[in-house]
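The structure appears below as structure tokens.
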Amino acid sequence: MTKSNQTIHKPVLLNEVIESLDLKKSDIVFDGTLGGGGYSFLICQKIGKDGILIGTDLDSTAISKTKERLKDFENKKYFFQKNYSEIKNILKELKISKVDKIVLDLGISSDQLLKNKRGISFQDGGELLDMNLSDKDKKITASEILNTYSEETLADLFYYYGGEKAARKIAKAIVQKRKEKEFKIVSDLTELIEEEIGHFYKHKKINPSTKVFQALRITVNDEISNLKKVLEDGFEVLEKDGLFAVVAFHSLEDRNVKRIFQNFQKEGLGEKVNKKVIKPSEEELSENKRARSAKLRVFKKLI
């Protein structure tokens, strides 16, 4: 990702994640969110030629970039355009029973926001309201949700997945608007949101559309179900004394990570490595605004 025509995605909490993973020579590491290969580059440096990196990403472009970035490392590398929730099937395919370390960065990369072209970002009003992170295996689009879901269901999605306090107001306006015209492109939605609640966000740091777009993206990609699955299945295939590191970016993700790790600890299966959640330093925040909501939790498997 160093070519001039490419954006450079900055992995959040990079040093903290790598340090927390306590990587050893010959470790088998599962990176469930390759992105631009930011974590994987340092992982390959640490695990040496006898280590194994297994990486997944829904975006084929991210995989291609990571392959190119890591091509000079001698260790074995396996890449899959699959959801990280398929970790057990992937290991079965590779005939690998356990991994030593797992890392997940649950944020959307800069490249995905800028180049996905499927309406994930609200910056380009002309993009179709698709929001699928993958360019294959699509199940539903954001426009289908906006044009068919009930007012109550839309309101619940915006509130629970986006934390939008004006969820009911927005949902009601959407249902009224779609009687006249279907929601097809990004501007169809952003203009409605601006009209309904723009004044509430006048002096806030985030765009009025941020929370609604987050909620739609989570729904389209079934992100919470997939997160729960990778936490459960990933822990199952983690070696004894293995480490599981997760960087979450919104409270819904972080609550699920915290709850599932706490349940493992109550059952005597493992322990938290960091007693308190790890957050970005002031220095990182000054260089990367995207990091402001990041939280790192690391868990160790004991049996």
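The values are calculated or read from the model by the stated rules, or taken from the named source; none is laboratory data. What you see is a predicted model, and the numbers here were worked out from it, not measured in a lab. Using ideal geometry, Cβ is built from the backbone for each residue, glycine included, and neighbour counts are taken over all protein chains shown.
A few points about this structure:
- Filter result (of a type in the set (A, V, I, L, M, F, W, C) and part of a loop (DSSP other than H, G, I, E, B)) within region 221-278: Val237, Phe249, Leu269, Val273, Val277
- Close pairs (8 angstrom Cβ cut-off, 6 or more residues apart or separate chains): within 10 Å of Gly35 (Cα to Cα) in region 58-70, modelled with pLDDT under 95 and assigned to a helix (DSSP H, G or I) anywhere: Asp59/Asp111; Asp59/Gln112; Thr61/Asp111; Thr61/Lys115; Ala62/Asp111; Ala62/Gln112; Lys65/Asp111
- If the condition is being within 14 Å of Ala173 (Cα to Cα) and among the aliphatic types (A, V, I, L, M), then region 119-153 contributes only Leu146.
- Hey, Leu216 in a helix (DSSP H, G or I), under 22 Å from Asp100 (Cα atoms) and modelled with pLDDT of 95 or more or not: no
- Residue in region 231-251 that is surrounded by 13 or more Cβ atoms within 10 Å (Cβ to Cβ), farther than 21 Å from Leu13 by Cα, within 22 Å of the chain's Cα centre (by Cα) and without any contact (Cβ under 8 Å) to a residue 40 or more places away in the chain present: yes
- Search result, residues across region 26-74 that are part of a helix (DSSP H, G or I), within 23 Å of Glu93 (Cα to Cα) and over 23 Å from the mean Cα position of the chain (by Cα): Ile47
- Only one of Leu106, Leu23 that is in contact (Cβ under 8 Å) with a residue 12 or more places away in the chain, under 28 Å from Leu285 (Cβ atoms) and over 21 Å from the mean Cα position of the chain (by Cα): Leu23
- Residue, surrounded by the fewest Cβ atoms within 10 Å (Cβ to Cβ), within region 1-47, restricted to residues that are at pLDDT 95 or above and among the charged types (D, E, K, R): Lys25
- Considering Phe249, Phe261, the condition of being within 30 Å of Phe158 (Cα to Cα), among the aromatic types (Phe, Trp, Tyr) and modelled with pLDDT under 95 is satisfied by Phe249 alone.
- Residues in region 275-303 that are basic (Lys, Arg), under 14 Å from Leu106 (Cβ atoms) and at pLDDT 90 or above: Lys295, Arg297.
- Scanning region 84-104 for residues that are surrounded by 15 or more Cβ atoms within 10 Å (Cβ to Cβ) and closer than 21 Å to Val17 by Cα yields Tyr84, Ser85, Ile87, Val99, Asp100, Lys101, Ile102, Val103, Leu104.
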